[in-house]
Amino acid sequence: MEFPFGQPTDAIIQFAYTVPDLTAGMRWWTAELGVGPWFVNERIGGAGSTYLGEPGRAEFTLALAFSGHTMVELIQTLDDEPSIYRDAYERRGYGFHHIAKAVPNVSDEVARREASGASVLFHDRVPGGEVFFVEAGEDAPGMIELVEDNGTTRGIFTSVWRASVDWDGSRPVRDLAELLPVR
């Protein structure tokens, strides 16, 4: 089986990178690799999120785009609060941060990973459900983001992908809110 955006349902759906400047990061990916258009969520995290099991305070801005059938995410921190992103760039600098997989029952997958000894490092509610960032082991290049696979997340990701197909370079930066279901 595969997602409507062409990636097999058991495959990695996203590679994510931390950047010091989201605008500059999007500009580089577009100019050098033709990736776009980018859909930006200006503010995520903060109230309602958890970091290492405690209420999260850090906020971020992020952008999503596709290259072929694989999603690229860029993340910029908006403050100096402790976070999974700040921890990573203080340890290794900016760059690769995590891979993402969409799973049909994210709570069951998190419980399975915790039973195997992994810890949840970050949790948040996002349009379409919940996301959990879990440890991936000492040999891993980053962490794993588990995304709730449902109609809303599939719709958002598929819309980002469709915008990239035969993209003519117009409107390289767009608001993610354009893709969210109307409530």
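How much length is gained on full extension from Arg27 to Glu42, taking 0.36 nm per residue of separation minus their Cα-Cα distance?
3.8 nm
Dipole of the range 25-87, Cα-centred, from +1 at each Lys and Arg C-beta and -1 at each Asp and Glu C-beta, to the nearest 20 debye?
200
In whole angstrom, how far apart do the alpha carbon centroids of the range 142-178 and the range 49-63 sit?
Here the answer is 21 Å between Cα centres.
Using amide H atoms built in the peptide plane, which far-off residues or other-chain residues are under 5 Å from Trp38 H to H?
Val173, Arg174
Determine the per residue accessible area of the range 1-145 with all protein chains present and a 1.4 angstrom probe, expressed in square angstrom. Working shown, then result.
Working: 6960 Å² over 145 residues.
Computed with neighbouring chains in place, this is 48 Å² per residue.
Of Gln76, Ala102, Trp161, which is farthest towards the positive pole of the chain's charge dipole, taken about the Cα centre with +1 and -1 on the beta-carbons of Lys, Arg and Asp, Glu respectively?
Checking the options against the dipole of the chain, the answer is Trp161.
With +1 on the Cβ of every Lys and Arg and -1 on the Cβ of every Asp and Glu, and nothing else charged, how large is the dipole of the range 52-183 about its Cα centre, in debye rounded to the nearest 20? The partial results should precede the final answer.
Numbers: 13 positive and 23 negative charges, 79 e Å.
For the range 52-183, the charge dipole is close to 380 debye.
Using only the heavy atoms of the protein chains and a 1.4 Å probe, how would Asp80, Asp108, Asp21 rank by accessible area, largest first?
Result of the area sort, largest leading: Asp80, Asp108, Asp21.
Using +1 at the Cβ of each Lys and Arg and -1 at the Cβ of each Asp and Glu in the range 20-146, identify which of Leu121, Ala58, Trp38 lies farthest towards the dipole's positive end.
Towards the positive end, the residue furthest out is Trp38.
Mind checking the range 22-129 for trypsin sites (Lys or Arg not before Pro) that DSSP puts in a loop (not H, G, I, E or B) and that have at most 15 other Cβ atoms within 10 Å?
Answer by residue number: Arg57.
The values are calculated or read from the model by the stated rules, or taken from the named source; none is laboratory data. What you see is a predicted model; the values in this text were computed from it and never measured. Cβ coordinates were reconstructed from backbone atoms using ideal geometry, including for glycine residues, and neighbour counts include every protein chain displayed. Calculation scope for accessible area: heavy atoms of the full protein, side chains included, ligands and nucleic acids excluded. Shrake-Rupley method; radii C 1.70, N 1.55, O 1.52, S 1.80 Å.
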